[in-house]
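Written below as structure tokens is the structure these notes are about.
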Amino acid sequence: RLLENALRQGINEQQFYLEYQPKINMSTNELIGMEALVRWKHPDLGIIPPGKFIPLAEETGLIVPLGEWILRESCRQSSAWQDQGYPPLHLSVNVSVSQLEDIYFVDKVKTILHETGLDPKWLEFEITESVLASVKSTVSILKEIRNLGIHISVDDFGTGYSSLSYIKDLPIDTLKVDQSFVKDIHTNKESKEIAKAIINLAKSIGLNVIAEGIELKEHVDELSKDGYILGQGYFFSRPLKVGAFEDFMTTNH
Ligand code: G
Ligand code: G
Ligand code: MN
Ligand code: NA
């Protein structure tokens, strides 16, 4: 429970910071948004990757206060960038199951939007497919969130082993195609057909679609052949600290 105590202390002492990874319209190469990704800089242990502490934060419920900080900080930053004259961008924030189950979640979101002045039309929550399938009152929570003007994206789409029926039953806006479908589209015909099938499915029912894990020019070429599609991945940029993201915005508009 050492790491748990460190996590608790880290939240109190604000040892966390956010990085932002660009989202690109691959047909025009235009920067259209970013995903906020949390990082933990422990005073002795150094940078601890989210894969190590997010699961623990979820188990212990600490993701609730941490997630609230992540949302407030990313909304504050987005709003500040818009005030500073940067072009407005869509902000995606990952939301965990315990946050959705927190009865105060929607109230907290409202408060944060009010405090930071971010127009909710720029905000999107990324929720994994497995979370969407597991939360009991998902439909009503998603409706409340959407009534605030916030968009909903299904993260890691295709990996959840859940039935597809939820994409017609739930109020969602975007499918985020998991990296595993993107990785070998340039070498494997089946992967390519699966990726394309997901993209066509999304488009045909009026959803937006974004492909994650774009690492190669070949990925861009394969996916942007069929018209408008968004992408995110190391090919465009790794997640960036605030200053580096500002440079990226400056050179990409
Ligand atoms: O940033 P990246 O490599 O290293 O993140 C690893 C995992 O941690 C991803 O699955 C990502 O969804 C998750 N993660 C990163 N930032 C956040 C966050 O702010 N909130 C939540 N709930 N998960 C996050
Ligand atoms: O699951 P989620 O989409 O929230 O996770 C985002 C994670 O994916 C982050 O940890 C981020 O660092 C990582 N990531 C972003 N782009 C790429 C990429 O091109 N390749 C790989 N392998 N990981 C990526
Ligand atoms: Mn995500
Ligand atoms: Na994902």
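The values are calculated or read from the model by the stated rules, or taken from the named source; none is laboratory data. None of these values were measured; they are calculated from a predicted model. Neighbour counts are summed over all protein chains in view; Cβ atoms, including those assigned to glycine, are modelled from backbone coordinates with ideal geometry.
Among the residues that make up region 100-111, is at least one of them in contact with a Leu (Cβ under 6 Å, 6 or more places away or on another chain) and not basic (K, R)? Within region 100-111, not a single residue is in contact with a Leu (Cβ under 6 Å, 6 or more places away or on another chain) and not basic (K, R).
Picking from residues in region 238-253 that are assigned to a loop (DSSP other than H, G, I, E, B) and surrounded by fewer than 18 Cβ atoms within 10 Å (Cβ to Cβ), the one that is nearest to ligand 3 (Cβ to nearest atom) is R238.
Counting only residues that are surrounded by 15 or more Cβ atoms within 10 Å (Cβ to Cβ) and not aliphatic (A, V, I, L, M), how many does region 51-64 have? Total meeting the criteria: 3. Residues in region 59-100 that are under 23 Å from L142 (Cα atoms) and charged (D, E, K, R) were compared, and the one that is farthest from ligand 2 (Cβ to nearest atom) is R76.
Within region 155-173, the set of residues being within 15 Å of ligand 1 (Cβ to nearest atom), under 17 Å from K196 (Cα atoms) and not acidic (D, E) comprises F157, G158, T159. Among the residues of region 140-169, those that are of a type in the set (A, V, I, L, M, F, W, C) and surrounded by fewer than 17 Cβ atoms within 10 Å (Cβ to Cβ) comprise L148, L164.
Anything in region 121-152 that is at pLDDT 90 or above and either within 16 Å of ligand 4 (Cβ to nearest atom) or touching a Lys or Arg at 6+ places or on another chain (Cβ under 9 Å) (or both)? List them, or say none. Within region 121-152, E124, F125, E126, I127, T128, L148, G149, I150, H151, I152 qualify. For region 13-31, a tally of residues being of a type outside the set (K, R) and assigned to a strand (DSSP E or B) returns 11.
What is the one condition in (1) more than 21 Å from K23 (Cβ to Cβ); (2) in a strand (DSSP E or B); (3) not β-branched (V, I, T) that E144 does not satisfy? Exception for E144: condition (2).
Within region 83-124, the only residue that satisfies the criterion of being of a type outside the set (A, V, I, L, M, F, W, C), within 19 Å of N25 (Cα to Cα) and part of a helix (DSSP H, G or I) is K121. Restricting attention to region 15-28 and to residues that are in contact (Cβ under 8 Å) with a residue 24 or more places away in the chain and farther than 14 Å from A211 by Cα, the residue that is farthest from ligand 4 (Cβ to nearest atom) turns out to be Q15.
If the condition is being over 17 Å from the mean Cα position of the chain (by Cα), of a type outside the set (D, E) and part of a loop (DSSP other than H, G, I, E, B), then region 220-237 contributes K225, G227, Y228, F235.
Summed over region 114-132, the residues that are among the small types (G, A, S) and either within 16 Å of ligand 1 (Cβ to nearest atom) or crowded, with 18+ Cβ neighbours inside 10 Å (or both) give a count of 1. Just so you know, in region 222-237 the residues that are free of Cβ contacts under 8 Å to residues at least 24 places away in the same chain and surrounded by fewer than 16 Cβ atoms within 10 Å (Cβ to Cβ) include one that is nearest to F125 (Cα to Cα), and it is Y234.
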